[in-house]
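Heads up, the thing below is written out as structure tokens.
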Amino acid sequence: MAQIQWFPGHMAKARKQVQEKIKQVDLVLEVVDARTPESSRNPMLDELVADKPRIMVLNKQDLADPALTAAWVQYYQDQGFAAIAIDAQHAKRLQQIPQLATKLMAEKIARKKARGIRNPMIKAMCIGIPNVGKSTVLNRLVRRNIAVTGNKPGVTKNQQWLKASDNFQLLDTPGILWPKFASQAIGMRLAFTGAIADAVFQEDMVGLYGLTYFMAHYPAALKKAYHVTDDDLNEAPHDLLVKLTKSQGFAEAYDRMAERLIFDARQGKLGRFTLEKPGETDADAE
């Protein structure tokens, strides 16, 4: 099976930029995809961010399994992070982020006020891998379309400071992937949800991964979307993909059906789903 890997040169540059700027900020907003919370975290960023206070922002909660989203928020809180699930596209719960930031910085703000600074500025760096909605989060917070957005990975290329309020300033950063995934399952999850450019993976491979997962965890979604039966769900995933290819009018173009499945999942046509659970290893998920 081909390995999914992607590390453009601009991402190496972005990593260096984060390293240079981290000392200038008070805290970090780490934006992840609520459908793949842990897989959409860049392990390199832990080293770069070091001990800065962090808010885990689980974006795209409207597309994710609500029960598992709640479990992930609790998981990150148990890890010592502040955590919140949001839908940045529709600005749901977004204004709770500045409130969390103020709470995290309460002691530092108090010290600055004691020195005569009336309205201390909170500076936050916003980090995340491509296509988790980071720029949309920033645009909603500053109430202007300043950060460049796009429904494809790698849109943001440069860092820029954005003013969210008189005392809350945000540093946008490019989405950064890492050179090698710890497991192929991580690459599959990221490809299925759109964090990796479609040109670098095989649709049939990723579509089959998604079909296998939905057969095991969200069979009702397949029944509703493609009129799959209980007998169909007892078949091998590859055999079901072949059957769907024909029933959906793609003749023998299996890659077209796989592409359709990926598109439908990303657009929410298969309902809300999450591809991993807190504390679950890749071996457990298989």
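TYR213 meets all of the listed conditions (1) over 21 Å from the mean Cα position of the chain (by Cα); (2) open to solvent by 10 Å² or more (accessible area, probe 1.4 Å) but one, namely (1).
Rundown of residues vs (1) open to solvent by less than 70 Å² (accessible area, probe 1.4 Å); (2) more than 23 Å from ASP65 (Cα to Cα); (3) modelled with pLDDT of 85 or more, yes/no style:
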site: LEU100; (1), (2), (3): yes, yes, yes
site: LYS103; (1), (2), (3): no, yes, yes
site: ALA114; (1), (2), (3): no, yes, yes
site: GLY133; (1), (2), (3): yes, no, yes
site: VAL137; (1), (2), (3): yes, no, yes
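Exactly one residue out of LYS243, LYS277 is open to solvent by 60 Å² or more (accessible area, probe 1.4 Å) and either in contact (Cβ under 8 Å) with a residue 12 or more places away in the chain or of a type in the set (A, V, I, L, M) (or both): that is LYS277. Whether a residue is under 26 Å from ALA67 (Cα atoms) and open to solvent by less than 30 Å² (accessible area, probe 1.4 Å) was assessed, and GLY194 passes this test.
Which one of these is assigned to a helix (DSSP H, G or I), at pLDDT 95 or above and not assigned by the TED database to the domain that holds VAL32: LEU211, LEU270, LEU190? Give the steps one after another, and end with the answer.
Details: LEU270 fails: assigned to a helix (DSSP H, G or I); LEU190 fails: at pLDDT 95 or above.
Exactly one residue qualifies, and that residue is LEU211.
Of everything in region 113-135 that is closer than 24 Å to GLU20 by Cα and in a helix (DSSP H, G or I), the residue that is farthest from the chain's Cα centre (by Cα) is SER135.
It is to be established whether one or more residues within region 245-254 are under 30 Å from ASN131 (Cα atoms) and either in a helix (DSSP H, G or I) or touching a Leu at 6+ places or on another chain (Cβ under 6 Å) (or both). Yes: one or more hits.
Quick one: how many residues across region 217-233 are touching a helix residue (DSSP H, G or I) at 6+ places or on another chain (Cβ under 9 Å) and either open to solvent by 60 Å² or more (accessible area, probe 1.4 Å) or not assigned by the TED database to the domain that holds GLN267 (or both)?
Start the filter on region 217-233 by keeping residues that are touching a helix residue (DSSP H, G or I) at 6+ places or on another chain (Cβ under 9 Å), which leaves 219, 221-223, 225-230, 232-233.
From what is left, the residues that are either open to solvent by 60 Å² or more (accessible area, probe 1.4 Å) or not assigned by the TED database to the domain that holds GLN267 (or both) are 223, 227, 229-230.
Number of matching residues: 4.
Contact map, region 66-83: first residue open to solvent by 20 Å² or more (accessible area, probe 1.4 Å), second residue charged (D, E, K, R), Cβ cut-off under 6 Å, separation 6 or more or different chains; pairs are PHE81/ARG54.
Given the structure, is MET44 closer than 21 Å to LEU177 by Cβ, at pLDDT below 95, open to solvent by less than 40 Å² (accessible area, probe 1.4 Å) and outside any loop (DSSP other than H, G, I, E, B)?
yes
The values are calculated or read from the model by the stated rules, or taken from the named source; none is laboratory data. A quick note: this is a predicted structure, and the numbers were derived from the prediction, not measured. Reconstructed Cβ throughout: ideal geometry from the backbone, glycine too, with neighbour counts over all protein chains shown. We work out accessible area using only protein heavy atoms, side chains counted, and drop any ligands, DNA or RNA first. Shrake-Rupley method; radii C 1.70, N 1.55, O 1.52, S 1.80 Å.
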